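Report on one structure; see the data block that follows.
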Amino acid sequence: MSKTTDHKTAAAAAKQEGDWQAYVEDFRRAGHETVDWIAKYLSSVSEMPVLAQTKPGDLLDALPQSAPEQGEPFDAILRDFDRLIMPAVTQWNHPRFFAYFACTGSTPAILGEMLAAALNTNGLHWKTSPAVAELEQRALDWLRQWIGLSDEWFGIVYDTASTSSMHAIVCAREMLDPEARTTGSRNDMVLYMSDQSHMSIEKGAIAVGVGQKNIRKVPSDVEFRMRADELARMIEEDKRAGKRPFCVVATVGTTSSTSIDPVPQIADIAEKHGLWLHVDCAYAGAAAVLPEQRHIMSGTERAHSLVLNAHKWLLTPIDLSAFYTRRPDILRRAFSLTPDYLKTQDDPRAHNLMDYGVPLGHRFRALKLWFVMRYFGRERIQAMLRSHIQWAKDFAALVDAHPRFERVAPVPLSVVCFRYKGSDDENRAIMEKVNASGRVFIASTVLNGRLTLRLAIGNLETTWKDVMEAWELLVLAAKSD
Ligand code: PLP
């Protein structure tokens, strides 16, 4: 190599080094600005409209049709974030977001997400990121203890409850028919859910190849709980017809009304017939952090798997779904597949997360959960859960006392299902009027064949004043209807 070339290379390297430092400094400046933006956003979100005020296609039309050839400064990008993106955001982090299951992207979790992105570490197996494997194990172990599960349970983080439940269904198939992994599913395996189960169960079963005609929707009782007697009857009937019942999914906290299935009776039936029992407590599992609510998990200790979403009521921004199973051996048998390029040395303490599910890559989601659990501690989280449950009861009392509104379901947790004593159209009109105010967002469901309004409390910043504002808007909208 000539001296000139040497000199050039060194200069280029120095320039590159300088570029890298400038790049990092640029980040430091924009990063501080972004954190300031987030703090300002969190302190003023309650004054923003909850629902995005845009029409379909508005944002799409405002965005250039192709990406820039030349990079742009952070200032320009952040300006457009404010100008273009923000108006199209429905504010889930809003204290008067009462739709679906209200949730919180809390500050420790925001920082945890930021650090996870900075590290960009991928926990496909232990060696590729011991921190991902071991912190996930520890954080899920803490959560397991908080909800009163024994140390028999193995936990893993997936993105959503839909993914978690799909993995449960594959485990159920693996338990009953290990051949299916090689030969594919036969179309005689039957899965049972209730007519109130979340649609993710049906979707998961479709994805796994169970076939919709092999999915039984067990009727629910007047309080929207799966009827165990009907479950038993349907299983017997299927067996007589030569079918192979393999999985039952119970729900603790159904999506529409938060009803709680009779898991102990369902567990008896599952055990009698050798079915895998999966419990979907995606929303309600969080309530078991409260000793006085632990009873909702009764019978779950006999299940094979369960799912609890930290991104619903546990202060963690989407996505973090905790999947627990007492049969990690079956989960591993169903999913491990190691090509030559991913072979590692065996060590009993080194979990290779890729062996426990479909995705190979494994995000460092546990970091934000760990931040949340440490920052708030169990007591602060319990205080929040208690308030939400109490306010739901107080809101239900307002509904019960009003001559023109009625309650449609019991209120075991933080969701109230109610309706104006009128037609579905009148109820829809009330909901739309209230939501159009921008002050609150409530959603609806259908219970007993009738449109039902649904108020879900779950955001950390929510106060009783926010709940009252929703009630006053509803009463006003009903008057002017
Ligand atoms: N299970 C229940 C009971 C739910 O209420 C929901 C969503 O609200 C889900 C599963 C699906 O959750 P995810 O969006 O994490 O897939």
Exercise. Do we find that Gly242 is small (Gly, Ala, Ser) and assigned to a loop (DSSP other than H, G, I, E, B) in this structure?
Worked result: yes
Seminar exercise, completed: In region 270-295, anything of a type in the set (A, V, I, L, M, F, W, C) and within 13 Å of the ligand (Cβ to nearest atom) is listed as Val279, Cys281, Ala282, Ala284, Ala286, Ala287
For this session: Kindly list the number of the only condition in (1) crowded, with 20+ Cβ neighbours inside 10 Å; (2) outside any helix (DSSP H, G or I); (3) out of contact with any Asp or Glu (no Cβ under 7 Å at 6 or more places or on another chain) that fails for Val467.
Result: (2)
Seminar exercise, completed: Here the residues within region 114-162 that are of a type in the set (Ser, Thr, Tyr) and surrounded by 18 or more Cβ atoms within 10 Å (Cβ to Cβ) are Thr128, Ser129, Tyr158, Ser162
Problem set entry | Members of region 90-134 that are within 16 Å of the ligand (Cβ to nearest atom), of a type in the set (Ser, Thr, Tyr) and within 20 Å of Tyr41 (Cβ to Cβ) | Thr90, Thr104
Seminar exercise, completed: From the option list Leu191, Leu176, single residue qualifying as surrounded by 20 or more Cβ atoms within 10 Å (Cβ to Cβ) and over 22 Å from the mean Cα position of the chain (by Cα) is Leu191
Exercise. Among the charged types (D, E, K, R), more than 17 Å from Leu315 (Cβ to Cβ) and surrounded by 14 or more Cβ atoms within 10 Å (Cβ to Cβ), is that true of Arg83?
Worked result: no
Exercise. Mind checking which pairs have a first residue in region 121-150 that is at positive phi and a second that is modelled with pLDDT of 95 or more and in a helix (DSSP H, G or I), Cβ under 8 Å, 6 or more apart or different chains?
Worked result: Gly148/Ala288; Gly148/Arg294; Gly148/Met297
Exercise. For region 299-337, which residues satisfy the criterion of being more than 15 Å from the ligand (Cβ to nearest atom), of a type in the set (Ser, Thr, Tyr) and either open to solvent by 60 Å² or more (accessible area, probe 1.4 Å) or not in a loop (DSSP other than H, G, I, E, B) (or both)?
Worked result: Thr325
Seminar exercise, completed: Checked against (1) in a loop (DSSP other than H, G, I, E, B); (2) open to solvent by 20 Å² or more (accessible area, probe 1.4 Å); (3) within 18 Å of Ala284 (Cα to Cα), Asn459 satisfies every condition except (2)
For this session: Residues being not in a helix (DSSP H, G or I) and not charged (D, E, K, R): count how many of those fall in region 357-407.
Result: 10
Problem set entry | Filter result (part of a helix (DSSP H, G or I) and either under 16 Å from Ala270 (Cβ atoms) or away from the ligand (no atom under 16 Å from the Cβ) (or both)) within region 206-228 | Gln212, Lys213, Asn214, Ala228
Exercise. When you scan region 1-103 for helices (runs of 4 or more DSSP H) that lie fully inside it, which ones turn up with 2 or more residues that are out of contact with any helix residue (DSSP H, G or I) (no Cβ under 8 Å at 6 or more places or on another chain) and under 26 Å from Arg439 (Cα atoms)?
Worked result: 3-44, 74-80
Problem set entry | Considering residues of region 338-376 that are basic (Lys, Arg) and open to solvent by 40 Å² or more (accessible area, probe 1.4 Å) only, the residue farthest from the chain's Cα centre (by Cα) | Lys343
For this session: Consider Ala168 carefully, then state whether it is within 17 Å of the chain's Cα centre (by Cα), surrounded by 22 or more Cβ atoms within 10 Å (Cβ to Cβ) and either away from the ligand (no atom under 16 Å from the Cβ) or of a type in the set (Lys, Arg) (or both).
Result: no
For this session: Go through (1) touching a residue at least 40 places away in the same chain (Cβ under 8 Å); (2) surrounded by fewer than 21 Cβ atoms within 10 Å (Cβ to Cβ); (3) out of contact with any Pro (no Cβ under 9 Å at 6 or more places or on another chain) and name the single condition Glu379 misses.
Result: (1)
Exercise. Based on what the data block shows, is Phe441 among the aromatic types (Phe, Trp, Tyr) and open to solvent by less than 10 Å² (accessible area, probe 1.4 Å)?
Worked result: no
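The values are calculated or read from the model by the stated rules, or taken from the named source; none is laboratory data. Note that the structure is predicted; figures quoted are calculated from it, not measured. No Cβ is skipped: glycine too gets one built from the backbone with ideal geometry, and neighbour counts run over all protein chains shown. Ligands, DNA and RNA are stripped out before the accessible areas are found, and what is left, the full protein with its side chains, is counted by its heavy atoms. Shrake-Rupley method; radii C 1.70, N 1.55, O 1.52, S 1.80 Å.
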